[in-house]
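Down below is the structure, laid out as structure tokens.
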Amino acid sequence: MRKNIVPFSFLALTLTLSACKNEHSEQNNMKETEEIAENNSDIIVDRFADIQVLRYDIKGFENLSLNQKLLVYYLSEAGHYGRDIHYDQNFKYNLEIRKAFETIVGNYKNEKNEDYQKFLTFAKQFWFANGLHHHYGMDKFKPEFSKEYFQKLLKENNASLSNEAIEAIFNPSLYAKRKVKDSNKDMIAASANNFYGEGVTQKQVEEYYSKVIDKNDHEPIEYGLNSTMILKDGKLAEDVWKSGGRYGKAMGKMIENLKEAVKYAENEPQKKALLKLIDYFRTGDLKLWNEYNILWTHATEGDIDYILGFIEVYGDAIGKRATFESVIEINDFEASKQMSVVAANAQWFEDNSSILPAHKKAKVTGVSYKVVQVASESGDCSPSTPIGVNLPNNEWIREKHGSKSVSLGNIITAYDKASGPGMLNEFAHDEEEIERGKKHAALAGKLHTALHEVIGHASGQINKGVGQPNETLKNFASTLEEARADLVALYFLLDEKLVNIGLMPSLEVGKAEYDSYIRNGLLTQLQRLELGNHLEEEHMQNRQLVAAWVFEKGQKDKVIEKVIKNGKIYYDIKDYNKLRVLFGELLREIQRIKSEGDYAAGKALVENYGTKVDKATHEQVLQRVKPLNIAPYSGFVNPTYELVKDANGKITDVKLINKQGFVEQMLYYGKKYATLI
Ligand code: ZN
């Protein structure tokens, strides 16, 4: 639950999230148009449907030692070998569909006719989403070419595809949504994802876990994290993802590459963690996953780090089963040093938070924060990526051993370079707000991410005897957790403390973040939603929940004014200090809900403020965004790494090559890393 995605509001284009995918803000708006035009061609790799694909830079790779380069290489390889797993998790026919698409597109690179172009766009959407459903909205893509045309393509290219898979593509009433979040439905049966076998119902699964989970266990495992739940002889059983088990072939290749990585570990703690991860992948034992996470959390010394495994549960409607993901990271020393003051003051932030004293941690443990450069990503982090991540997710490990937070610096930089000032100009209420955004939004976004990850997710404690949020708050847990982390960031962004410790030049930075957060939560993020739909994605729910709640509660004091100018809606913040107080009040309430496990109150907040969308407002946002031609979603191609060997076959170097196009990369990955089809 901890990716920080780019909220797009901010950036115009891009933004983001995730698992706690934390999103990006409007930062980019600040760049001069000329500069953007100059940089765009290097950074924007592809543009189709609602997507743009960007390229990130890695600075200083050549300065790493050979061992460090090899560590990056083998970790990246391990990550890429998990890619197939994520496709299969998303939908049972994804892998065979992907193979057919690879065959066709591989043969037809220069085909120009209109039908083919429509097919190609569809294939690109599919690759970007790691499957047949939109990566963010979860709806199945709609082909704009006919079944007959597709069958002709298959035949001409000797590609085969089952009738079931073809039906899945063309019949709109089948498998309509990858994840259905609707408490009135059987969310497991209604979701198209592949975490549960045929015939498994939500009721059965909930009963199963109510029996299995020991509420008195103070060091619980993350139940269900790494298995497909199937019916075996009429009974529920977990088909575990491990070598020799389900996804065994992919796991085997991952283990092989992790073993190589172990040889180049930078230090003992890093090595021990990697060895434990291998053990866990070999056995699928979630106790080992806990042990691994403790080792990984304490391994903070190296220059290279990584996130790799089944981690985030956003893909599962009931939040148990995790998608595969990997992010391989190289420390950005200079930027990390600048931000180190945030983690250094973690206890101060906890002590001065607006939450109830009983819910505060007496001692904030081991929050480490780094700004890193991404070296490669895979699975659920690619092509769409978070901009910040805070792990591990298991609450008791976080409370006892702390957590590691990273901001993905080169990803944020690429977002910033690719975006223009369009959204800010269109949606800001007045010149002052635009000027403030241009001047401060980039820094404001970075600070929001840092505070959200390092202070936000790490803050607070659950009352004794109250279970983990995914048990107590169930399907509302992720939304509430993201809201909580955002609120911690917002609360402190208007605190003089940040000026005093040198993180920002003045409170104007905090005001810029307030402007953009309200704009995004009440207006601009709706550009990502299809007209007529409710909000379901957790980060979008959380942002609207926060913005709509403070707007409503501040009405009698006119904290935020809704202004209609020439028929267009704007929100103008009239009193920043009072708004801060409201953020603090909502933070206190959401922390209480988490600490006490108050499901009813959590549900009411999400349903009353974070779900429903006013249709006329939504329509207007879509109309205002359209002429700006901004892609609501961005993602990235990765660089490739090649081993350089001498005449005797000895490895002498690792070469970084950063030139692949999007389709080229998808075909390359399909060829090189396919393990499950
Ligand atoms: Zn988060």
Taking the alpha-carbon centre of each part, the distance from segment 214-240 to segment 273-307 in Å is 21 Å
Expected unfolding gain across residue 466-residue 183 under the 0.36 nm per residue rule, minus the alpha-carbon gap, is 99.6 nm
Mean Cβ-within-10 Å packing, highest first, puts peptides 253-264, 172-183 in the order 253-264, 172-183
Burial-style ranking of 620-627, 602-609, average other-beta-carbon count within 10 Å with highest first, yields 602-609, 620-627
Taking R0 as 30 Å and r as the Cβ-Cβ distance between residue 256 and residue 63, the FRET efficiency 1/(1 + (r/R0)^6), rounded to the nearest 0.05, comes to 0.60
In nm, the gap between the two label points placed 7 Å beyond Cα toward Cβ at residue 263 and residue 558 is 7.2 nm
So residue 650 and residue 619, fully extended at 0.36 nm per residue minus their Cα-Cα distance, gain in nm 5.0 nm
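Using a cut-off of 12 Å between beta-carbons, work out the net charge of the residues near residue 62 (Lys and Arg +1, Asp and Glu -1, residue 62 not included).
Summing Lys and Arg as +1 and Asp and Glu as -1 gives +2.
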Residue-normalised 222 nm signal for the chain, counting each DSSP H run of n ≥ 4 as -39,500 (n - 2.57), nearest 500 deg cm²/dmol, is -14000 deg cm²/dmol
Cβ-Cβ cut-off under 15 Å around residue 568, Lys and Arg +1, Asp and Glu -1: the net charge is -2
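With N denoting the number of residues in the chain, provide Rg(C-alpha) divided by 2.2 N^0.38 Å, to two decimal places.
0.91
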Once both label points are put 7 Å beyond Cα along the C-beta direction, the residue 568-residue 668 separation in nm becomes 4.2 nm
At R0 = 56 Å the Cβ-Cβ FRET efficiency linking residue 218 and residue 677, nearest 0.05, sits at 0.85
The alpha-carbon center of segment 455-523 and that of segment 334-365 are separated, in whole Å, by 12 Å
Given 298-311, 438-451, 123-136, the highest-first ranking by average Cβ count within 10 Å works out to 438-451, 123-136, 298-311
Flagged as over-length at 24 Å C-alpha distance, from 320/446; 272/645; 179/287; 215/603; 511/594; 259/446, the pairs are 320/446; 272/645; 179/287; 511/594; 259/446
Between residue 348 and residue 534, Cβ-based FRET efficiency (R0 41 Å, step 0.05) works out to 0.55
With the 8 Å Cα cutoff and a minimum separation of six or more residues, the chain has a relative contact order in percent of 22 percent
Of all DSSP beta bridges with both partners in the chain, the antiparallel percent, nearest 5, is 75 percent
Net charge (Lys, Arg +1; Asp, Glu -1) of residues whose beta-carbon lies under 11 Å from that of residue 73, residue 73 excluded, is -2
Relative contact order in percent for segment 428-504 (Cα pairs under 8 Å, 6+ apart) equals 39 percent
Here the membrane-span-like helices of the chain, with no claim about any membrane, defined by DSSP H, Cα axial extent at least 27 Å and mean Kyte-Doolittle at least -1.0, are 431-450, 576-596
The Cα extents of segment 390-467 along the principal axes, largest first and rounded to whole Å, are 51, 27, 16
Kirkwood Rh over alpha-carbon pairs of segment 68-177 plugged into Stokes-Einstein at 4 °C, 1.567 mPa s gives a D in µm²/s of 87 µm²/s
The simple spin-label model distance between residue 497 and residue 176, using points 7 Å out along Cα→Cβ, in nm, is 4.7 nm
Restricting to Cα pairs under 8 Å and 6 or more apart, the percent relative contact order of segment 207-353 works out to 18 percent
In whole Å, largest first, the alpha carbons of segment 474-540 cover along the principal axes 45, 27, 12
For segment 427-518 (alpha-carbon point model, no solvent) the Debye-based log₁₀ I(q)/I(0) at q = 0.12, 0.14 Å⁻¹ works out to -0.45, -0.57
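Any read-out appearing in this document is the output of simple, stated calculations on the displayed coordinates, not a laboratory observation. Note that the structure is predicted; figures quoted are calculated from it, not measured. A quick note on method: Cβ atoms are made from the backbone with ideal geometry, for glycine too, and the neighbour counts reach across all protein chains shown.
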